[in-house]
Amino acid sequence: MRLRNICSNIFGYFACFPFPFFFQKIINKIYVNMFSVDLSEHEPIHYYPTLNALFTRSLVKRRDYNKAHNVLIAPCDSKVIAQGIASNDRAMQIKGKTYQVSKLLGEKIEKKMNFINFYLSPQDYHRFHAPTDLYMHSIRYFSGYLYSVRESVLQSTDNIFAHNERVVIKAFDNYGNSIFFVAVGAMNVGKIIIYKEPKIHTNSKKPDIIYQYKEPILIKKGEEMGYFKMGSSIILFVDNCLIHENINKIRFGEDIGTFYTKELNDE
């Protein structure tokens, strides 16, 4: 097993261990203060019996978002580190550095697609949601490395997204637009949990695997899809969508783009 994966497993054991209440509260408080975690939408600090429970905290306050089918919303709380158009089998990892899209996805996309890279830092809410109605017709797990996905590492290391452990969801929206939703593992991310496919077990010795569905599985817009154990990245590829420019810090539910389908243009 690779050294980074071993280190992540050790950290995962520590994060999942329920220390005595008083000691655990101190651990939680150190983490919250160190990373400036905002718990105003979550349970109070003493609620979490492990550090991992704090990492994977759920929202206790509902967030509003635009329900219109033609509006794409942010799937997570994060920083957008790159966005643009994927073409000729290349997309931007971070400014000045690209990677091979077909290696990331496990298949080649012939047309140009918009992409956006979301980085979830240790302070962020670690659950992710459907950015529009997703009709999932396959999900694929790739075993791999657990390189850090911090900006400095992305800048200095080639093809991190395509080498790291990841889950690729292939879907289409209400208009038939193709969408790829990629959850990328990273250092100290022991697992990526996907609710609709519990057979997916990440950070394991299992080989790469793909599940395909005769009837697409609907994940409704805004629905919680899963979560990371610790921070990581999500890469979204969308067809026929105008992505808002110069997005920086973003929160789940905020508008990030508009689909420009024929049906919309006729309105």
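The values are calculated or read from the model by the stated rules, or taken from the named source; none is laboratory data. None of the values given here were measured: they were computed from a predicted structure. Heads up, the Cβs are rebuilt from the backbone with ideal geometry, glycines too, and the neighbour counts pull from every protein chain shown. The protein model used for the area step is the full one, side chains on, heavy atoms only, and it has no ligands, DNA or RNA in it. Shrake-Rupley method; radii C 1.70, N 1.55, O 1.52, S 1.80 Å.
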| note | With Cα springs under 10 Å, the Gaussian network model of the chain assigns the largest mean-square fluctuation among 83, 100, 212 to 212
| task | Report, to the nearest 10°, how far helix 21-35 tilts away from the longest principal axis of the Cα atoms in the chain, using its own Cα long axis and a range of 0 to 90°. | result | 50 degrees
| Which lysines have a Cα lying under 17 Å from the Cα of residue 111, excluding residues fewer than 8 positions away in the same chain? | 103, 170
| request: Return the aspartates and glutamates within reach of residue 214: Cα separation strictly under 17 angstrom, same-chain partners fewer than 8 residues apart disregarded; answer none if there are no such residues. | output: 173, 197
| note | Ranking 236, 217, 155 by how far each Cα lies towards the positive end of the charge dipole of the chain (+1 on Lys and Arg Cβ, -1 on Asp and Glu Cβ), the top one is 155
| note | Answer in debye to the nearest 20: the dipole magnitude of the chain about its Cα centre, from +1 Lys/Arg and -1 Asp/Glu charges placed on Cβ, is 920 debye
| Within the chain, what's the longest stretch lacking chymotrypsin sites (Phe, Trp or Tyr not before Pro) that sit in DSSP loops with no more than 15 other Cβ atoms inside 10 Å? | 1-194
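What pairs in 29/67; 108/249; 67/108; 61/220 have C-alpha atoms more than 28 Å from each other? Don't skip to the end; give the middle numbers.
Numbers: 29/67 36 Å; 108/249 30 Å; 67/108 31 Å; 61/220 19 Å.
Result: 29/67; 108/249; 67/108 exceed 28 Å.
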| task | Might you work out the accessible area of residue 251 for me, using a 1.4 Å probe with all protein chains in place, and round it to the nearest 10 Å²? | result | 100 Å²
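If the only charges are +1 at each Lys and Arg Cβ and -1 at each Asp and Glu Cβ, what is the size of the charge dipole of region 197-237 around the Cα centre, to the nearest 20 debye? Could the numbers behind the result be given before it?
On the way: 7 positive and 5 negative charges, 25 e Å.
Once rounded to the nearest 20, the dipole reads 120 debye.
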| message | Give me the net charge for the shell around residue 244: Cβ to Cβ below 11 angstrom, other residues only, Lys and Arg +1, Asp and Glu -1. | response | -3
| Once amide H atoms are placed 1.01 Å from N in the peptide plane, what residues at a sequence separation of 5 or more from residue 202, or on another chain, have their amide H within under 5 Å of its amide H? | 192
| message | Rolling a 1.4 angstrom probe over the protein chains, ignoring ligands and nucleic acids, what is the accessible area of residue 258 in square angstrom, nearest 10? | response | 60 Å²
| query | Using heavy-atom solvent-accessible surface (probe 1.4 Å) with all chains present, what is the largest-first order of 247, 73? | reply | 247, 73
